[in-house]
1. What is the Cα centroid distance between the range 1-26 and the range 156-189, reported in whole angstrom?
2. Got a number for carbon plus sulfur as a percent of the chain's accessible area, 1.4 Å probe?
3. Of all DSSP beta bridges in the chain, what percent run antiparallel (nearest 5)?
4. Could you state the accessible area per residue of the chain in Å², with a 1.4 Å probe and every protein chain left in place?
5. For the range 192-213 and the range 47-107, what is the centre-to-centre distance using only Cα atoms, to the nearest Å?
6. Check the chain and count each lysine pair with an alpha-carbon distance under 23 angstrom, considering only pairs eight or more places apart or from different chains.
7. Please list His203, His158 in order of solvent-accessible area, largest first, computed with a 1.4 Å probe with all protein chains present.
Amino acid sequence: MSKVKSGAAAALQDVLRDGMTLAVGGFGLSGIPADLIEAVRDSGVRNLTVVSNNMGVDGKGLGILIEGGQVRKVIASYVGENKLFAEQYLAGQLEVEFTPQGTLAERLRAGGAGIPAFYTKTGVGTLVAEGKPLAEFDGETFVLERAIKADVSLVHAHTADTDGNLIYRYTAQNFNPVVATAGAVTVAEAEVIVEPGQLDPNHIITPGVFVQRLVQASGRVKDIEQRTVRPRRDAEAEAAQAASAVTV
């Protein structure tokens with residue numbers, strides 16, 4: 001049975017609810033499920049706990065959920081690009097659980113693997129470890145971190161088949177694979193959707209058993225957080241320099 005839905009809103013209409021935990025793939029604005037995020041915004045759900053590497057930027061990515069006042073708590077490793085996020089946090093409107101990036105990835109992976117908790121050295125002796133159980137192994141102290149299970153996970157893939165097998169490309173391989181396995185319900189958007197049997201099994205990153213619903217991603221410009229470029233040199237000057245080099 002095909003897992004493909006007619007659109008992002010249709011794929012989410014009966015799984016979203018106020019107060020739920022939502023895990024979202026991507027790194028900044030790279031590899032984010034932009035269509036699905038917009039569908040969450042349009043649904044009007046509120047009091048969300050959002051688990052993601054960060055919260056996008058003002059007006060883009062997960063930042064649009066912050067703008068709509070739909071987020072109650074964020075579990076993330078970095079939020080420095082979002083001014084409105086900072087304002088809401090400092091005003092006490094938003095609860096934040098900062099988690100080291102590697103620990104966040106492992107908490108999501110553990111959630112998908114059925115591992116309830118694990119010990120790590122990261123964060124020992126810092127605010128990250130406050131209130132958490134500590135244990136000693138081989139003479140070193142470790143902190144216990146709980147796994148993360150989301151009610152719904154949203155991910156972006158480059159290629160999928162209608163059975164929900166996913167292949168990610170480039171930077172979208174960041175948090176999308178671990179987010180995909182951590183959700184009770186996982187909804188994926190993909191740029192290319194093919195029939196079963198057309199994907200090389202050796203290239204599949206997320207098996208379809210983890211994906212319940214799939215939508216065609218819309219064609220859109222893929223935003224980046226910050227664009228850094230060198231000043232464009234005068235074309236005539238470049239041509240003159242090239243000609244000079246040839247002459248010499």
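1. One Cα centre to the other: 13 Å.
2. Working: 6620 of 12990 Å².
Ligands and nucleic acids excluded, carbon and sulfur reach 51 percent.
3. Details: 13 of 42 bridges.
Just about 30 percent of them are antiparallel.
4. Solvent-accessible surface per residue comes out at 52 Å².
5. 30
6. Going through the chain pair by pair, I get 12.
7. Working: His203 110, His158 40 Å².
Reading off the accessible areas and sorting them downward yields His203, His158.
The values are calculated or read from the model by the stated rules, or taken from the named source; none is laboratory data. The structure displayed is predicted, hence computed values, not measured ones. These area figures cover heavy atoms from the full protein model, side chains too; ligands, DNA and RNA do not enter into them. Shrake-Rupley method; radii C 1.70, N 1.55, O 1.52, S 1.80 Å.
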